[in-house]
């Protein structure tokens, strides 16, 4: 089964558990010895037992194709004579003016992320001017005190279209930015290489860095997508409805912090969730927050922990005053939390009525069953991942009234199965 494919919840009957689609074989290190050493006795134990590596996490959206430096290679083809020191800032500005898209390849050879590139240039474009038709204007139209973020494609559009003076000035500003980061030195080195070494530089150094930046965002959305797929496979209604099919493009639902109902976004009054789980009447039954960190969460992780603590307190007050059973679930996963577990993930586990990981997506269905949104009749845990003892720990904590099926044991009659994470859940039809 291919790694990095977005998993979908299977709905056909299975007699044995099947690993979740998207799990990379090379990252699956569970053995008999490791299973017997493992424990899920506490929420903390459970988190680290189930934590997914970068390779195991599902990826949403479209993979960024490893960059090919064809446009750059055309400026000095491999095998031709190149004299270091002959390139100038004016040469780079002319390249950009003639072919703005070459900026992507120039960024790549400097190991600049797309985000770093467009944020820096958004700043520079709001602070560099050209002479407009009647008066001076900034390159992007933003005033220095009204700066906005512009995507890379939007910034390059200022070179592609518009007044000639602006196009040339914008190309010059981008060239100055790149040259200040020693682009000419890097190009002297690159253009001195033969074709084999150029390809090695691209494939082994430049492209992986760029692809990794792209994957970071897609990884969190991929986790949201697989939880959404499992919930919908169980027949539940969710918001947004397209989260499973398009985790990155689906608009996040907003929840009013006073009424805890889905509502239009109002800064300071609403919170943004990643998935809203609805009951049979269309009311919000659970709000799901996505918090996957495959790299160091830094201060962002600390702030997220504090934010979710405050949200849980408001929700508890609301539940006490109204008798509501609305729950707050978290998709919490990633080895990045190992950098500062005490300030991030460990307190967060207690803020959620249910925390869900890539390997334990089935917990979303068990939580939904607990809320009466569906009926789970039995659970069969993946014996390739769990020892009998650890499976028993998980079932005792989350299984409720559902039967615990041993590997190979027949499913209850009148049920259908959903493979979700490292378990197969059998629902009453």
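Rounded, prolate or oblate, given the Cα gyration tensor of region 283-429, with a/c below 1.5 counting as rounded?
Taking the square roots of the gyration eigenvalues as a ≥ b ≥ c, region 283-429 is oblate.
Classify region 136-270 from the C-alpha gyration tensor, please: rounded if a/c falls under 1.5, else prolate or oblate depending on whether a/b exceeds b/c.
Verdict is oblate for region 136-270.
If Rh is defined by the Kirkwood formula over all Cα pairs and Rg also comes from Cα, what ratio Rg/Rh do you get for region 83-191?
0.98
Quick one: among 171, 133, 273, which has the greatest mean-square fluctuation in a GNM of the chain with alpha-carbon springs under 10 angstrom?
Highest fluctuation of the listed residues: 133.
Relative contact order for the chain using alpha-carbon pairs under 8 Å, separation at least 6, rounded to a whole percent?
Relative CO of the chain lands at 22 percent.
Hey, could you pull the Cα Rg and Dmax for the chain, both in Å?
In Å, with Rg to one decimal and Dmax whole: 26.0, 81.
List 307, 138 from most exposed to least, where exposure is judged by having the fewest other Cβ atoms within 10 Å.
307, 138
Output the 0 to 90 degree angle, nearest 10, between the alpha-carbon long axis of helix 114-125 and the longest principal axis computed from the alpha carbons of the chain.
50
Can you show me the helix-derived [θ] at 222 nm for the chain, built from DSSP H runs with n ≥ 4 at -39,500 (n - 2.57) apiece and divided by the number of residues, rounded to the nearest 500.
Counting only the DSSP helices, I get -12000 deg cm²/dmol.
So how far apart, in nm, are the two label points at residue 181 and residue 149 if each is 7 Å from Cα heading toward Cβ?
With each label placed 7 Å out from Cα toward Cβ, I get 1.7 nm.
Relative contact order for region 83-191: what percent, with Cα pairs under 8 Å and sequence separation of 6 or more?
38
Using the reciprocal of the averaged 1/r over all distinct C-alpha pairs, how large is the Kirkwood radius of region 329-408 in Å?
Hydrodynamic radius (Kirkwood, Cα only) of region 329-408 equals 13.8 Å.
Please rank 82, 351, 362, 381, fewest neighbouring Cβ atoms within 10 Å first, as an exposure proxy.
82, 351, 381, 362
For region 298-347 and region 219-295, compute the distance between their C-alpha centroids and round to whole Å.
If you average the Cα positions of each part, the centres end up 15 Å apart.
All of the numbers you see were taken from the coordinates with simple rules; none came from a lab. Bear in mind the structure is a predicted one, so any value in this text is a computation, not a measurement. Glycine also receives a Cβ, built like all others from the backbone with ideal geometry; neighbour counts cover every protein chain displayed.
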